[in-house]
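The values are calculated or read from the model by the stated rules, or taken from the named source; none is laboratory data. A quick note: this is a predicted structure, and the numbers were derived from the prediction, not measured. Cβ coordinates were reconstructed from backbone atoms using ideal geometry, including for glycine residues, and neighbour counts include every protein chain displayed.
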């Protein structure tokens with residue numbers, strides 16, 4: 001294979017909740033030892049990039065903050081570039097707030113002055129947060145969501161509402177669809193490949209979701225590798241047409257080194 005760089009999703013790929021996927025640390029060590037470039041790319045905006053790297057290290061997977069690419073950090077950079085001077089009303093957690101603040105974004109809790117509403121995954125969502133965001137969007141504020149994930153995989157094998165599931169409330173109440181640059185938009189993948197100096201065909205993307213992870217791989221033109229350790233099951237693949245199927249399906253990342261190093 002010509003693949004020289006691997007982009008890993010996190011939730012459902014390298015860990016589920018607080019538990020690492022069995023064999024993930026050994027897989028990453030093998031790939032690094034064999035000279036593959038490695039990056040970590042997630043739609044989850046709850047953690048800052050440095051915190052994501054720290055969680056990886058705590059699970060025995062060495063990682064640096066500059067190897068981590070999050071939808072929250074991408075949203076912050078886009079807002080700082082395109083929406084300067086317009087106060088932002090944020091619905092999300094501390095990681096997203098830190099990314100926005102570090103990017104120089106002005107934040108407000110006042111829906112009457114907000115020029116933009118940005119929504120990330122928020123495990124402390126409340127009626128008051130929804131009300132303020134609704135009022136701001138209703139008054140004309142632009143609506144941006146970090147990602148469209150309807151669900152989020154949990155350690156017990158179940159799932160919870162994801163950012164897309166939560167933002168659907170605002171879509172229903174305002175009639176406004178959010179702008180979204182997280183996966184399946186290929187912007188995160190493109191920025192990683194550009195940093196590596198690699199072409200799309202030299203990159204593999206590993207994920208557990210057909211809609212976002214594999215959708216981004218398809219749009220970017222890289223090798224799409226689905227693992228069945230997260231939200232997608234074999235039953236979900238049955239009946240898919242050829243154009244919708246991943247390039248590769250693995251039980252987990254443990255099978256990845258053998259795939260990549262075969263001649």
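Sort out which residues of segment 1-25 are in a helix (DSSP H, G or I) and closer than 18 Å to residue 204 by Cβ, and write them in order of number.
In the first step, residues of segment 1-25 are kept if they are in a helix (DSSP H, G or I); the result is 24-25.
Answer for segment 1-25, where residues must be in a helix (DSSP H, G or I) and closer than 18 Å to residue 204 by Cβ: just 24.
Yes or no, residue by residue, for (1) crowded, with 23+ Cβ neighbours inside 10 Å; (2) outside any helix (DSSP H, G or I); (3) at pLDDT 95 or above:
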position	(1), (2), (3)
118	yes, yes, yes
128	no, no, yes
147	yes, yes, no
155	no, yes, no
166	yes, no, yes
171	no, no, yes
176	no, yes, yes
182	yes, yes, no
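Please count how many residues of segment 52-69 are assigned to a helix (DSSP H, G or I) and closer than 22 Å to residue 189 by Cβ. So that I can check it myself, show each step before the final result.
Restricting attention to segment 52-69, the residues satisfying the condition of being assigned to a helix (DSSP H, G or I) are 52-58, 65-67.
Still in the list and also closer than 22 Å to residue 189 by Cβ: 52-53, 55-56, 65-67.
Within segment 52-69, residues that are assigned to a helix (DSSP H, G or I) and closer than 22 Å to residue 189 by Cβ number 7.
Of all residues in segment 188-221, how many are over 14 Å from the mean Cα position of the chain (by Cα), touching a residue at least 40 places away in the same chain (Cβ under 8 Å) and in a loop (DSSP other than H, G, I, E, B)?
The total comes to 1.
When you check residue 78 against the structure, is it touching a residue at least 60 places away in the same chain (Cβ under 8 Å) and in a strand (DSSP E or B), yes or no?
The answer is no for residue 78.
Which of (1) over 23 Å from residue 228 (Cα atoms); (2) out of contact with any strand residue (DSSP E or B) (no Cβ under 8 Å at 6 or more places or on another chain); (3) modelled with pLDDT under 95 does residue 83 not meet, given it meets every other one?
(2)
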